[in-house]
Amino acid sequence: MGENENGTELDFDRFQAILDAYGASPDRWPAEERAPASKLLARSADAKRIHAAAEHLDSVLDSAVPPPLDAAFAERIRGLPPRKPEAASAIRRSGFAALTRIAAVLLVGLVGVAIGLAIPRGSNDGGGADLATPTAPASAFEAEIPVADLPVDGFADAADADADGTLGLSLIDALATESAPFAGVEVSVADLRLE
Amino acid sequence: MAPGHADGAGEVIDADDHLVGRVARGDASAWPGLVERHLGAVTGFAWTVLGDRAEAEDVAQEAFVRLMRKAPDWQPGGAKLRTWLFRVATNLSTDRWRKARRARPEAAAPANLNDSGEGDVIRPLDQARAVRKALRTLPERQRVAIALVHYRGLANREAADILGISVDALESLLARGRRAIRRQLSHLIRDLLGES
């Protein structure tokens, strides 16, 4: 028998159990049993015999070591931080944001319709204005809504505006152009691929 | 030394805490240091468990994305970062393995690994392939245990912690896994010994 660091002896059965679980390399053996196991191995022929069998299995297992890390993959992971939040989480969340925007546009439209209906056609409050002359659009549906005029905070930004400064919202546009409206979200495109 | 065996674990842990703290404060220059320290081990571990490079890289990438996301919540001096990463990779790999098994049950079916004819010369590539096949036939926790201890060189307590089991239970998983592989690869071992 060998002794561990506490002076406890290591019997043959325990030595066999260590080899069965951890194999032949002392590096893998439990730290507190490494010394007594090595002592037992040094002086017992039976221990040497079963140790040799464990070595053979280790050798076979070692033939399947993982391949080296792919350099391009490592570079991709090293480059994760600069990509910031704009991709995955933002895109997921922007689905909700886009729907909210659409709802806002519809609400503005409905208000416009209501206003349009509330104003009597042919009103001449202007004092003799020519009814045949177009003045203001009858409803918001006929107007181009400047982005800056939208009454919903946080939804309208430059990314949502078309080149002419009017709102040309579609769900797909919104999904494609959303740019990290939620502070502290640290997710990359990988989320989309992996979830 | 066992593959992937980590020396100076205390220093590694302190350095990890420092680097994660910097990442949490928005210091992007600390990130490559974390990647250098752990990406190879996590990817290699997932490769052993899943047997597929692309799958392993997906698992490792997801683990690192989660690390980046969780960095502000990291508690220095608590759990080892490496333990946390391997635990995440274990869960992700297990999920993927189960999904793949549901989609293609034959992928996890025991292979006939003793089919080389008598006198056949077993080349190293064949041997590696046979070992990978044998690993795939193991129950997932046995495979994870062997991947952590044999291939990554983790100490028994850390591996048991990752699996959420006692050291005794870990030893049981390891012993059963190794015994099954020895049984399946008996022809390779005989070949190694020069026996017919």
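Output the number of the condition that A:Val65 fails; it satisfies all remaining conditions of (1) out of contact with any His (no Cβ under 7 Å at 6 or more places or on another chain); (2) within 14 Å of chain B (Cβ to nearest Cβ); (3) surrounded by 15 or more Cβ atoms within 10 Å (Cβ to Cβ); (4) assigned to a helix (DSSP H, G or I).
That leaves (4) as the condition not met.
Which residues, taken from the stretch B:20-29, are free of Cβ contacts under 8 Å to residues at least 12 places away in the same chain and part of a helix (DSSP H, G or I)?
B:Arg22, B:Ala28, B:Ser29
Select from the stretch B:82-106 the residues that are under 14 Å from B:Ala147 (Cα atoms) and among the small types (Gly, Ala, Ser) and list them in ascending order.
Correct list: B:Ala89, B:Ser93.
State whether the residues of the stretch B:36-55 include one that is more than 8 Å from chain A (Cβ to nearest Cβ), outside any helix (DSSP H, G or I) and either surrounded by 18 or more Cβ atoms within 10 Å (Cβ to Cβ) or modelled with pLDDT under 95 (or both).
yes
Within the stretch A:35-51, is there a residue that is facing chain B (nearest Cβ under 8 Å) and over 28 Å from B:Asp191 (Cα atoms)?
Scanning the stretch A:35-51 turns up no residue that is facing chain B (nearest Cβ under 8 Å) and over 28 Å from B:Asp191 (Cα atoms).
Would you be able to tell me the number of residues in the stretch A:27-60 that are of a type outside the set (A, V, I, L, M) and closer than 19 Å to B:Ile181 by Cα?
Residues flagged as of a type outside the set (A, V, I, L, M) and closer than 19 Å to B:Ile181 by Cα within the stretch A:27-60 amount to 6.
Among the numbered criteria (1) of a type in the set (A, V, I, L, M); (2) under 18 Å from A:Ser63 (Cα atoms); (3) within 21 Å of the chain's Cα centre (by Cα); (4) modelled with pLDDT under 95, which one does B:Val121 miss?
(3)
Go through (1) modelled with pLDDT under 95; (2) closer than 15 Å to A:Leu57 by Cβ for B:Ala180 and report which single condition fails.
(1)
The values are calculated or read from the model by the stated rules, or taken from the named source; none is laboratory data. No experiment lies behind these values; they were computed from the predicted model shown. Glycine gets a Cβ as well: all are built from the backbone with ideal geometry, and neighbour counts include every protein chain shown.
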